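The values are calculated or read from the model by the stated rules, or taken from the named source; none is laboratory data. Because the structure is predicted, anything quoted here is derived from the model rather than measured. When we count neighbours, we look across all protein chains shown, and the Cβ atoms used for this are built from the backbone with ideal geometry, even at glycine.
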Amino acid sequence: MKDLELAHQKLKENKRFFSKLSNKERKTLDHYAHDAHTKVSNDFDCLTCANCCKTTGPLFTKADIDRLAKVFSMSSAVFITTYLRLDEDGDYVLQSTPCPFLQADNKCLVYDERPKACREFPHTDRKNFYQIRNLTLKNTLMCPIAFRVLEQVKINMQS
Ligand code: SF4
Ligand code: SF4
């Protein structure tokens, strides 16, 4: 995957980009990031990728668990023992990856009811984007959209 190879090569440059932003630039970052997010997301077909579903998984909130348990007509307790485990921070995460709800055609079996974290990934349209810069740097290494958004932000802010 070309994007992800480039993301690894540009990791140091991208860290520098965030560390050199002035206070004024940090305040305008959301504007550039949200613009880039809209454009890049519209142009990229996640069904050709599904890397987030294959290599990592979302955190499941209580609301996510209750909603998804209903999809499978099981109790929330059974849903947890079937699919989830507690991580070191005490959050519910998948027992294994790829996500068990990812289908062979890269579609999500529970798309309409998917966890909030899946809906929001890769968070490049988030308010206060600067505050999640470390997460974004990490995400560029596995998510082409995150990588392309950051590339676009750099171009737009430097022009
Ligand atoms: S890793 Fe990023 S580009 Fe790939 S499917 Fe997930 S959100 Fe879409
Ligand atoms: S629930 Fe759906 S969108 Fe979320 S990781 Fe699993 S397959 Fe992907």
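Is it the case, given these coordinates, that ASN106 is in the same structural domain as PHE17 (by TED's automatic domain parsing) and within 17 Å of the chain's Cα centre (by Cα)?
no
Identify all residues within the stretch 81-126 that are aliphatic (A, V, I, L, M), in contact (Cβ under 8 Å) with a residue 24 or more places away in the chain and more than 8 Å from ligand 2 (Cβ to nearest atom); write none if there are none.
Matches in the stretch 81-126: LEU84, VAL93.
Does MET74 qualify as being surrounded by 16 or more Cβ atoms within 10 Å (Cβ to Cβ), modelled with pLDDT of 95 or more, assigned to a loop (DSSP other than H, G, I, E, B) and touching a helix residue (DSSP H, G or I) at 6+ places or on another chain (Cβ under 9 Å)?
Judged against the criteria, MET74 is not a match.
Just to be sure, is LEU137 more than 10 Å from ligand 2 (Cβ to nearest atom), in a helix (DSSP H, G or I) and crowded, with 16+ Cβ neighbours inside 10 Å?
So LEU137 passes the test.
Please work out which one of (1) part of a helix (DSSP H, G or I); (2) within 16 Å of ligand 1 (Cβ to nearest atom) is the condition ARG26 fails and give its number.
Here ARG26 meets the rest and fails (2).
Within the stretch 58-71, take every residue that is in a helix (DSSP H, G or I) and not aliphatic (A, V, I, L, M) and give me the one that is farthest from ASN139 (Cα to Cα).
LYS70
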